[in-house]
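Beneath this line is the structure, given in structure tokens, with notes to follow.
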Amino acid sequence: MPTYDEAESLPLLVAALDDVLAGLDDVLATLLVIDDNSPDGTAAVAEGLAADGAHRHLNIEVLHRKEKAGLGRAYIAGLSHLLERGGFDFVLQMDADLSHDPRHIPAMLQQAATADLVVGSRYLPGGATPDWTAYRRLVSRMGNLYARLFLGSRITDYTGGFNLFRTGLLEALDLAGLQAEGYGFLIELKYSALRTTNRVQQVPIVFVDRRVGASKIPRNTILKNLLLVPRVRFQGPPATGEPPRLVRSGSGTTSR
Ligand SMILES: Nc1nc2c(ncn2[C@@H]2O[C@H](COP(=O)(O)OP(=O)(O)OP(=O)(O)O)[C@@H](O)[C@H]2O)c(=O)[nH]1
Ligand SMILES: [Mg+2]
């Protein structure tokens, strides 16, 4: 979970995560907060939550980064850290601003039994963006349709950041080679996953707008992403079969 100035949201989200995890007996979860030295003290809040012992269903760890370097760099640092550490069957990626509701996690884990990637999608029946204006909905929907045109319709939400990856899939990707920023990073990450495996599932999600704090993703990335999509497609076609090295399944316990 990447954070930048999420001190207010984080305790609420951690409590909600703990509640959901309490109902998942076979899951051992670690929450890795990847903080870019947030001026509002998010990292200290996270350390406090890790130490207070009130959340019995997840371990909390904090990856401290020196300065704000953008969402893409934060994800690469966090994912590399988890892979180096090892021992995880799955990695769930989610925002810290309460836009991604933990109540969708059980359905994502269920789909993960037969998938290497489970995408949380706003653009499936049952998915929604209830707080958005018609204009913002249109821009996002058009952006995703554009991406699907080039990159394939297996994924209906290329720009969302609520996704579950089998660790073996992440190990097979060249994470350090991903270059895009912001929403572009999420498109590039998902497409490199599509190039590696065809075992992709989706779960509809209801995306709630942040209630506190400010958005950090610049809105002027539309043009950049228009160019990014064909460039990413040029890297190669989607995988048609499942790569043998990803077929091995989890070890019985499901960690995150
Ligand atoms: N570590 C780190 N986290 C970041 C950075 N930029 C954004 N984030 C986090 O990434 C997640 C998504 O960023 P948001 O600002 O919510 O972007 P958004 O969802 O497009 O914008 P909103 O509509 O305001 O929610 C949040 O948890 C942020 O705190 C960054 O530079 N570094
Ligand atoms: Mg957000």
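Every read-out reported here was derived from the displayed coordinates using simple, explicitly stated rules and does not represent laboratory data. All values derive from a computational prediction rather than experimental measurement. Cβ sites come from the backbone with ideal geometry, for glycine too, and all protein chains shown count toward neighbours.
Among the trypsin sites (Lys or Arg not before Pro) in region 141-250, those located in a DSSP loop and surrounded by at most 12 other Cβ atoms within 10 Å of their own Cβ are Arg211, Arg248. For Ala128, the residues whose amide H sits under 5 Å from its own are Ile205, Val206, Phe207, ignoring neighbours fewer than 5 places away on the same chain, with H placed 1.01 Å from N. Where both bridge residues fall in the chain, DSSP classifies roughly 30% of the beta bridges as antiparallel. Across region 211-218, coupling constants 3J(HN,Hα) worked out from phi with the 6.51/-1.76/1.60 Karplus curve, θ = phi - 60°, read 9, 10, x, 10, 5, 10, 8, x Hz, and Gly and Pro carry x. In plain terms, the chain from Ala16 to Arg210 could stretch by 68.3 nm, reckoned as 0.36 nm per residue minus the Cα-Cα distance.
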